[in-house]
Amino acid sequence: MMQETLKHAAAMAQHAVVATPETIALAARHLRAGDLVAFPTETVYGLAANAFDASAVEKIFAAKRRPRSCPLIVHIADAHDAHRVVRVWPDSAELLAREFWPGPLTMVLPRNEAIPTLVSGGLDTVGVRLPEHPVARELIREAGVPLAAPSANEFMQLSPTAASHVARSLGNRVAMILDGGNSHAGIESTVVAISEQGEVTLLRPGAISRARIEHVLGAKVPDAHWDKQGSAPSPGMHDRHYAPRTPLRLVSRQSPLPDGPGALISLGTPRPGLPEGLTEIVLGASPEVYAQGLYAALHSVDHPPHKWIALEAPPQQAAWEAVNDRLRRAESR
Ligand code: TXA
Ligand code: MG
């Protein structure tokens, strides 16, 4: 009977279901059966599989069309489960976990052998994160295993901050999509690498600023080094990433806009004298509020008749590091 229900759900193209104790329990059963579930986190929606089950994790790469060299983040529900994922726990990891977990910080540490190498793109390290979103935590607890989960979008495409974004792109490739509302942070977690000796470097700027991490550690957090082969320190950090399908360019308030139908995403206030017929979305002028609305704004204009998207570039300031990182990648072709 249960098997039948599970099969039926997996065979249909999925619309999101509102997260309730019942739907979360069903999603957890899908995960234990080796199927994929999309779920909300406070950063972006994730596409989850049982992190201990290599054949389930395999389905993530297939669904996203993601190269197997791009490592996944493993999500846990309680800090004391970190040892199921990583092999060492330096003092700096403890400090950062105490300050920022649950929350949008991913720590890359030497991998526990229980985690298949497929999860970590063949690397000896693995990213671990304890999300803050109550639905995410309930789902992980119910599943009873850590969940490997990248953002729930096709490789190199825009990250989803709402269940509807997931349904549109991966809807027929997952057993279930749990709807837990709009992702509050709206931008991915900050990813740091921590060496066995406890040195912390930055792999990906994100929802927690570098300055806050440096403040907690009482030390500078430099960018992670590129290795000798010249591949990125964080495989998966391709230049073209987080990108809409519609060509996007960064502009200033004074820049003339391209011809034809398009969308302008303005910073803080509407642009005076905007030509008739263009779409305009105004995003908040603080990095946090801006990040919250960025992907949703891009999703909402990334379709015909828009032939271009122009984005008013935020200032090149430390507080805007994560937003500017995503915008640079979204613009790169
Ligand atoms: O906010 C987030 O982090 C979201 C939610 C779902 O948790 N997840 C997310 O996953 O953004 P994903 O796969 O889209 O990006 C994870 C990035 C990888 O592209 C890679 O750059 C880095 O984290 N990463 C993960 N494991 C790593 C490892 N072992 N070594 C280096 N970088 C790693
Ligand atoms: Mg992603």
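Label-to-label distance, ARG98 versus SER55, with points set 7 angstrom from Cα along the beta-carbon direction: 4.4 nm. Distance distribution P(r), the chain, all Cα-Cα pairs, bin width 10 angstrom from 0: 6, 26, 34, 23, 9, 2, 0 percent.
Straight-line cross-link reach from LYS59 at under 12 Å between alpha-carbon atoms covers these aspartates and glutamates, not counting any fewer than eight positions away in the same chain: ASP35.
Summarising the overall dimensions of segment 248-331 from its C-alpha atoms, the Rg and Dmax are 12.1, 35 angstrom. From the alpha carbon centroid of segment 21-92 to that of segment 144-191 is 11 Å. Sorting the segments 34-45, 117-128 by their residues' average number of neighbouring beta-carbon atoms within 10 angstrom, most packed first, yields 34-45, 117-128.
Looking only at the chain, where both bridge partners belong to it, what percent of the DSSP beta bridges are antiparallel (to the nearest 5)? The answer is about 40 percent antiparallel. Taking θ as phi - 60° and the Karplus parameters 6.51, -1.76 and 1.60, the scalar couplings of segment 246-257 work out to 6, x, 10, 9, 8, 9, 9, 4, 7, 4, x, 9 Hz in sequence order, x denoting glycine and proline.
Can you give the extra length, in nm with one decimal, that the chain gains between HIS80 and ASP259 once fully stretched, where that is 0.36 nm per residue apart less the Cα-Cα distance? List each step's numbers first, then the result.
Numbers: separation 179, 0.36 × 179 = 64.44 nm, distance 5.55 nm.
58.9 nm is the gain from fully extending HIS80 to ASP259.
Summing charges over all other residues whose Cβ lies under 13 Å from the Cβ of ILE265, with Lys and Arg as +1 and Asp and Glu as -1, gives 0.
With every protein chain left in place, what is the accessible area per residue of the chain in square angstrom, probe 1.4 Å? Working shown, then result.
Numbers: 14600 Å² over 333 residues.
Ligands and nucleic acids excluded, the result is 44 Å² per residue.
Within the accessible area of the chain, the carbon and sulfur atoms contribute 54%, probe 1.4 Å, all protein chains present.
The values are calculated or read from the model by the stated rules, or taken from the named source; none is laboratory data. Bear in mind that the values here come from a model prediction, so they are computed numbers and not experimental data. Positions of Cβ are backbone-derived with ideal geometry, glycine not excepted, and every protein chain shown enters the neighbour counts. Quick note on the areas: whole protein, heavy atoms, side chains included, nothing else; ligands and nucleic acids left out. Shrake-Rupley method; radii C 1.70, N 1.55, O 1.52, S 1.80 Å.
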